[in-house]
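The block underneath contains the structure these notes are about, expressed in structure tokens.
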Amino acid sequence: MSDDYEARLQAWVGRELVARRPGQDPVNVPMIRHWVEAMEDANPVYLDEDAAKATGRDGVVAPASMIQAWTMRGYAATVRPSTEPSGFDELVALLGEGGYTSVVATDSELEFERELVPGDHVSVEEHVESISPEKKTGLGAGRFVSTVKTYRDASGEVVATQRWRTLRFRPADKPAPEKPKALRPRPAVNPDNAFWFEAAREHRLVIQRCADCKSLRHPPGPCCPQCGSFAWDTVESSGEGHVYTFTVNHHPRHPAFDYPLVVAVVELAEGTRLIANMTGVEPADVEVGMPVVLDWIDPDPDLSLPVFRPAAHKER
């Protein structure tokens, strides 16, 4: 950082960050009740007059930890903030100029001068106490900015102070994590075709065969379309065949696939046909009648699928 930038930052030390701002409402019992119920704080001095007086107090008091709650801007001011830039906005812009665009709170120290009671109207103002030189942290290079919030009652007497420290840091460059590839859509496995997918997991391409008339069929089914028999077994395909027809998919796109995607109807040497992807070939080079051989892909640990690639001359 240049000396000029450092001087501009340090010029903020001691300056007003937030002008004195009164809370929207005075200290009141309903808000105290909401707070202690949310915090599950059963101390009776917050809601029970008799219990409070028994401790020497004049009546109920507000929990000390509520000090910030009495000066919060409220919902409307949060969603529709003032268009007038504050000292806080100016300091954040200056820190952003140095690349300190991220923030994390580090600690808060509170000192209480007296307890607040119903009817107290609290205001808050904030000043910059210190801005550290640039430090190296696990989050990145940054500066610790310490401010002091002073809480006063309606007469201007200090009721509490809060030293608030944040780290404004320059995020360390991190390589973007590689996005895991989406899983392929799951096949619809049922009792009639489960045997086929189980064989595929072993990288075996099987074809269902009627046990009576010996005709082959695919896709698998419970009954032979030739003779009506429900008895069947399987034969293992040689994995050789040719492209019967094909299409090249461009849209719609699914994140599990690489495009353009060649989807072919392959006629196996055994005579049955199945739909599978083509691999090892450019879409423009695929032809009807092209000799192909079986290959396998394992998109994820639970799925193995047959694909086909062009057959080399010796494989033909």
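Rounded to the nearest percent, how much of the accessible area of region 194-310 (1.4 Å probe, protein heavy atoms only) is carbon and sulfur? Carbon with sulfur: 50 percent of the solvent-accessible area.
For ASP173, the accessible surface of its heavy atoms amounts to roughly 150 Å² (probe 1.4 Å, protein chains only, rounded to the nearest 10). Between ASP89 and LEU305, the FRET efficiency estimated from the beta carbon spacing at R0 = 51 angstrom works out to 0.30. Between ALA199 and VAL248, the FRET efficiency from the beta-carbon distance, with R0 = 35 Å, is close to 0.75. The equivalent ellipsoid of the chain has semi-axes of 77, 30, 15 Å, largest first, where each one is the square root of 5 times an eigenvalue of the Cα gyration tensor. Within the assembled protein chains, the solvent-accessible surface assigned to SER215 is about 30 Å², based on a 1.4 Å probe. With the simple model of a label 7 Å out from the Cα in the direction of the Cβ, HIS127 to THR234 spans 8.3 nm. Cys residues of the chain that find no other Cys beta carbon under 4.7 Å: CYS223. Ordering ALA69, LEU47, PRO301 by the projection of their Cα atoms onto the charge dipole of the chain, which places +1 on the Cβ of Lys and Arg and -1 on the Cβ of Asp and Glu, puts PRO301 at the extreme positive end.
Think of each Lys and Arg Cβ as +1 and each Asp and Glu Cβ as -1; about the Cα centre, that makes the dipole of the chain roughly 780 debye. In the context of the full set of protein chains, the chain has a per residue accessible area of 59 Å² (1.4 Å probe). Note on surface exposure: MET72, MET290, MET31 rank MET72, MET31, MET290 by accessible area, highest first, 1.4 Å probe. Taking every protein chain into account, the 1.4 Å probe leaves ASP212 with about 100 Å² of accessible area, to the nearest ten. Remark: accessible surface ordering of LEU183, LEU139, LEU205 (largest first) is LEU183, LEU139, LEU205, probe radius 1.4 Å. The long axis of helix 87-97 is offset from the longest Cα principal axis of the chain by roughly 40 degrees. The charge dipole of region 28-108, taken about its Cα centre with unit charges on the Cβ of Lys, Arg, Asp and Glu (plus for the first two, minus for the last two), comes to roughly 160 debye.
Ranking ARG273, ARG143 from most to least accessible surface, computed with a 1.4 Å probe over the protein chains only, gives ARG273, ARG143.
The values are calculated or read from the model by the stated rules, or taken from the named source; none is laboratory data. The structure presented is a predicted model; accordingly, all values stated were derived computationally and were not measured. We place every Cβ from the backbone using ideal geometry, glycine too, and count neighbours over all the protein chains shown. The accessibility values were calculated without ligands, DNA or RNA, using every heavy atom of the protein model including side chains. Shrake-Rupley method; radii C 1.70, N 1.55, O 1.52, S 1.80 Å.
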